[in-house]
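Report on the following structure.
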Amino acid sequence: MRTTTTGPETVAELIARQWGDHRPGLRHASGVLSHHRTAQAAAARAALLVDLMPAGAEPHLGVLLDNTPEFPFWLGAAALAGAAVAGINPTRRGPELARDILHTDCRILVTERAHLPLLRGLDLPGVRILITDTEEYEALLAPYAAAKPGDAALRPPGPGDRLLLYFTSGSTGAPKAAVCSQGRLAAAGSALARRFQVTPDDVHYICMPLFHGNAVIADWLPALAGGAAVALRRRFSASAFLDDVRAYGATYFTYVGRAVQYILATPPTPNDRTHALRLGFGTEAGAVDAERFAERFGVRLVEGYGATEGGASVQSTPDTPPGALGRAADGDDLAVIDPGTGLECPPAVLDPAGRLLNGSAAIGELVNRGRSLFEGYWRNPDAQAERTRDGWYWTGDLFFRDAAGFLYFAGRTDDRLRVDSENLAAAVIENILARWPAAAAVAVYAVPDEVAGDQVMAAVSLQDGADFDPSAFAAFLAAQPDLGTKMSPRYVRVLPAMPVTATNKVHRVALRRAAFRCPDPVWTRTPSGAYELLDAESLSALLATYETHGRTDLLDRERA
């Protein structure tokens, strides 16, 4: 039976609509909860939140959790209470992690024992920490067990109220928490539920982290809007993916970055098509791996583009060619703009194999010149002004458009990197690498990943008399408390002097252009974290991988 989503005005309404629905609603490693029980859990936490939130404080709480049931409980609690959740990324470290919590004015931080080591030594004044897997936490919740949706709120939840403060990254490394309102999120969930015909018979498998917008906006919310159940994976596991899909009866999942490639790297089995999965929705799988996924598992992948900020959206249609993401969503006036001139870039010229022939002219920044759903960044006026300059919304992402109007993703703007679904800032990584005693100068920049997104590359010039010791460098990285898990350079170029411009600024364009195809020695990080010299044989194999995935043109564009 197909249901029609009515597009409620708030996420609070979606949560309240679960009350009295005793079908399975939340599946996880330890059991199954009904829709009613999940709404009850959210209502209890909303009542606790109302009592714990200091008077006059911004109604914000941080959630530093893996994908446990507590995460959607607190998302629902915030919606019911008229509060906002800041998703706290557990791959952040030290002062950067503390800044995320304090910048978003969180007065309550919900976490679990597994993440307590991340908080040790951090100065978090005025922040109350709730540890979910403790007896103290259960005792706090006990008086609110009978709460119902609507019983307690800091303010009546409305469409314009903040619900999410979800982090993105910029070239300066300053925190940017995108504001997402209840109205925009409810509309997004309802739109996706209609687009993918979500029904109460569906099960949405959430294996991407809930501290990112992808899992919340593209997975959890359409399940709520369509009445589907959700199934949680604490942390993504490629080896457990198909077992989970079968065990939960999953019909839909979302992905980002290289998740699809990791799944494809698992050993094939005769039962790869024995499951109920019908659709995957996400970004950066790449046309080659999307085709391989469909061939192996019988599951269609739909690529989309839409930032947490909501400023621009690209939607796939049945006639979207391989490699393209689609066209502008209804109401968007998207253009590919040369930031230097402010003029629209010419259409892309593609050869019969779909390779870009005029990248230097066709690639520019994707800009929304029409209406934008961007609701701003929390207390970051400079970043907000940069995003909305000249009355347009500038995505910060590089695209090109073919003659038929289809849009193709081409990477990130200069000092931004997207590594395995994580947005990183080059300046932050540079500041950490600059501590290495052997380094005289350091520059960090993105090089295209051979499958999707970017990889971190560092250029290092050494102190007089110093040699590059790969073991010492790896040990130095391992000892840095604020080096996030995806910040370690994949490639390290050791050069005698850093190239500079006429104004003595590091010539990043020249470094990106050369990437790892340069006369200087380049070291590459192995899965164990050690560094090995990228010799001619290894380089040849690496370039062959780019060719296989149709991404050689991205390397060639940098060199053009």
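Do the sum for the chain: with -39,500 (n - 2.57) for every DSSP H run of n ≥ 4, divided by all residues, what is the mean residue ellipticity at 222 nm, to the nearest 500 deg cm²/dmol? Numbers along the way, then the final one.
Values: 18 runs with 158 residues, N = 560.
Computed mean residue ellipticity for the chain: -8000 deg cm²/dmol.
In nm, give the distance between the simple-model label positions of ARG23 and LEU140, each being 7 Å from the Cα along the Cα-to-Cβ direction.
Those two pseudo-labels are separated by 3.4 nm.
Can you sort SER313, SER538 so the residue with the fewest Cβ neighbours within 10 Å comes first? Mind showing how you got there, number by number?
Working: SER313 22, SER538 14.
Placing the least packed residue first, the sequence is SER538, SER313.
For the chain, find the longest principal axis of its Cα atoms and tell me its angle to the long axis of helix 287-297, 0 to 90°, nearest 10.
Once rounded, one gets 50 degrees.
Could you tell me the center-to-center distance, by alpha carbons, between segment 81-114 and segment 196-266 in angstrom?
With segment 81-114 and segment 196-266 each reduced to a Cα centre, they are spaced 24 Å.
State the extension gain, in nm to one decimal, for the chain segment bounded by ARG235 and HIS115, taking 0.36 nm per residue of separation less the distance between their alpha-carbons.
41.9 nm
Relative to the longest principal axis of the C-alpha atoms of the chain, give the angle of the C-alpha long axis of helix 536-548, reported between 0 and 90° and rounded to the nearest 10°.
Between the helix axis and the principal axis of the chain, the angle is about 50 degrees.
Counting Lys +1, Arg +1, Asp -1, Glu -1, what net charge surrounds VAL50 among other residues with beta carbon under 12 Å of its beta carbon?
Numbers: positive: ARG45, ARG155; negative: ASP51, ASP151.
Its environment carries a net charge of 0.
Pairs of Cα atoms under 8 Å, at least six residues apart: use those to get the relative contact order of segment 5-115, whole percent.
Numbers: 161 pairs, mean separation 29.9, N = 111.
Relative CO of segment 5-115 lands at 27 percent.
Relative to the longest principal Cα axis of the chain, at what angle does helix 182-195 sit, 0 to 90 degrees, rounded to 10?
It works out to around 80 degrees.
Can you give the relative contact order of segment 270-339 as a percent, counting alpha carbon pairs under 8 Å and 6+ residues apart?
Working: 82 pairs, mean separation 16.4, N = 70.
That works out to 23 percent.
Would you kindly state how much longer the chain becomes between ASP382 and ASP338 on full extension, computed as 0.36 nm times their sequence separation minus their alpha carbon distance, in nm to one decimal?
Values: separation 44, 0.36 × 44 = 15.84 nm, distance 2.14 nm.
Working it through step by step, the gained length comes to 13.7 nm.
Exactly which trypsin sites (Lys or Arg not before Pro) in segment 244-325 are in a DSSP loop and have at most 13 other Cβ atoms within 10 Å? Present the calculation step by step, with values, prior to reporting the outcome.
Details: sites: ARG246, ARG258, ARG273, ARG278, ARG292, ARG296, ARG300; in loops: ARG258, ARG273, ARG278.
Those satisfying the criteria are ARG273.
Is segment 287-377 rounded, prolate or oblate when judged by the Cα gyration tensor, a ≥ b ≥ c being the square roots of its eigenvalues, rounded requiring a/c under 1.5 and prolate requiring a/b larger than b/c? Before the final figure, lay out each step's value.
Working: a/c = 2.53, a/b = 1.27, b/c = 1.99.
It comes out oblate by the Cα gyration axes.
With θ set to phi - 60° and the Karplus curve 6.51 cos²θ - 1.76 cosθ + 1.60, what are the ³J(HN,Hα) couplings of segment 211-219 in order, to the nearest whole Hz, using x for Gly and Pro?
In residue order, the calculated couplings are 7, 9, x, 4, 5, 6, 6, 9, 10 Hz.
Defining a contact as two alpha carbons under 8 Å apart and six or more residues distant in sequence, what relative contact order in percent does the chain show?
Over the chain, the number comes to 11 percent.
Counting Lys and Arg as +1 and Asp and Glu as -1, what is the net charge of the other residues whose Cβ lies under 13 Å from the Cβ of ALA294?
Details: positive: ARG273, ARG278, ARG292, ARG296, ARG300; negative: ASP272, ASP289, GLU291, GLU295, GLU303.
Charge balance near ALA294 sits at 0.
Any read-out appearing in this document is the output of simple, stated calculations on the displayed coordinates, not a laboratory observation. Note that the structure is predicted; figures quoted are calculated from it, not measured. Positions of Cβ are backbone-derived with ideal geometry, glycine not excepted, and every protein chain shown enters the neighbour counts.
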